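So the structure is just underneath, and the comments pick up after that.
No lab work stands behind these numbers, since they all come straight from the coordinates. Because the structure is a prediction, the values reported are computed rather than measured. Virtual Cβ from ideal backbone geometry, glycine too; neighbours counted across all protein chains shown.
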Amino acid sequence: MTPYGFRHFFASNCLSHGIPITDVAEWMGHKSIEVTFKTYRHLMPGSIGSAAKILDIGLAA
């Protein structure tokens, strides 16, 4: 495994376990969240659906 492979493994695990992408971007040292988003967005399936559910609950209260 290469150093890049370890970085990818770290970021992938973080995002797949629900750690916010903003935190992962900072830990990875990316200058922009866009770099993290473009590379790892596919690891956050359902994040839009989860956000919509949270908003629905909040609006219904």
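When only C-alpha pairs under 8 Å and at least 6 residues apart count, what is the relative contact order of the chain, in percent?
Once normalised by length, the contact order is 28 percent.
Can you tell me the FRET efficiency between F9 and A60 if r is taken as the Cβ-Cβ distance and R0 is 35 Å, rounded to the nearest 0.05?
0.35
Give me the extension gain from K38 to E26: residue separation times 0.36 nm, minus the current Cα-Cα distance, reported in nm with one decimal.
2.8 nm
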